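Quick one: the structure is below, and I'll ask about it shortly.
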Amino acid sequence: MAIKILSTKDVHTNGIKLIVYGASGSGKTRLGATAPNPIYISAEKGLLSLAHMDIPYVEISNLQDVQQAYKYCASSDHQTIVLDSLSEITTTVLDEWRNKLIMDSNTGKIDVRQAYGKVAESMGAEIRKFRDLDGKNVVFIAKEKKITDDQGNVTGYEAYMPGQVLPFDLPYLVDEFLCLQISRKGERFLQTESDFKRICKDRSGQLNNPENPNLTDIFEKIKNAKSPVDGTK
């Protein structure tokens, strides 16, 4: 097969892929609605904050729903796919695998590590399929988890995935790994650079730290990139 030579200047035509994590109540679901022409894939039953808007969504109750949602979204006219939340969707698939393995077991019991392994394999594949969708923006929303030391002191925060399924891989799956926070003044903002408590990254080099929580504006900044803000990214 002949080699096809591509240009890095065209990479943004494949869509922006990012992960946003944050604490409960920080406004992650509403943030997704600021993206252009979104459709939600949801397992949270927590879309009440969007009730005043007319945004389509697909409800997830098992792995097959995730796969069918992917097929629909891949061929739809929606510019942005919002998975809200990746944490809850993975939990739903984990429960499905637990129940299936228990039913297949002669003893009615399973080693829970079997279920985690199945979820890591199946959800890992689905996440990468969404990430690799050409021409679509994909926003993966994740819950935030506290990291504690042996004494129970909070030492940092990370994107939460149940049973430690894929948590350490998440920052490497996408170019933009952001954290939605609320300031002491009650203002929401997106952290785009890592500090001693949270891992964040902006591989485009076009985002300020912090950024206003508007995904349409953020996508435009990245797509209109001329040169990195500085030479460190």
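Kindly indicate the residue of the stretch 179-217 that is touching a residue at least 40 places away in the same chain (Cβ under 8 Å) and of a type in the set (A, V, I, L, M, F, W, C) and also surrounded by the most Cβ atoms within 10 Å (Cβ to Cβ) among those meeting that condition.
Per the criteria, the residue is Cys179.
Kindly indicate the residue of the stretch 127-143 that is surrounded by fewer than 20 Cβ atoms within 10 Å (Cβ to Cβ) and under 12 Å from the mean Cα position of the chain (by Cα) and also farthest from Met161 (Cα to Cα) among those meeting that condition.
Step by step, filter the stretch 127-143, then rank; the result is Arg131.
Also: So Gly32 fits all but one of (1) surrounded by fewer than 23 Cβ atoms within 10 Å (Cβ to Cβ); (2) touching a strand residue (DSSP E or B) at 6+ places or on another chain (Cβ under 9 Å); what number is the exception?
Unmet condition: (1).
Additional query: Give me the residue from the stretch 78-104 that is touching a residue at least 60 places away in the same chain (Cβ under 8 Å) and among the aliphatic types (A, V, I, L, M) and, out of that set, farthest from Ala142 (Cα to Cα).
Leu94
Still on this structure, I have one more. List every residue pair whose Cβ atoms lie under 7 Å apart, where the two residues are 6 or more positions apart in sequence or sit on different chains, the first residue falls within the stretch 150-178 and is farther than 25 Å from Gly117 by Cβ and of a type in the set (Ser, Thr, Tyr), and the second residue, located anywhere, is part of a loop (DSSP other than H, G, I, E, B) and modelled with pLDDT of 90 or more.
Close Cβ pairs satisfying both conditions: Thr155/Asp149; Tyr157/Lys197.
What pairs come out if I take residues in the stretch 58-77 that are at negative phi and surrounded by fewer than 17 Cβ atoms within 10 Å (Cβ to Cβ) and pair them with residues that are among the polar types (S, T, N, Q) and assigned to a loop (DSSP other than H, G, I, E, B) whose C-beta lies under 9 Å away, six or more apart or interchain?
Within 9 Å, the pairs are Asp77/Asn37.
The values are calculated or read from the model by the stated rules, or taken from the named source; none is laboratory data. If you're wondering where the values come from, they're calculated on a predicted model, not measured in any experiment. Don't worry about glycine lacking a Cβ; one is built from the backbone with ideal geometry, like all the others, and counts go over all protein chains shown.
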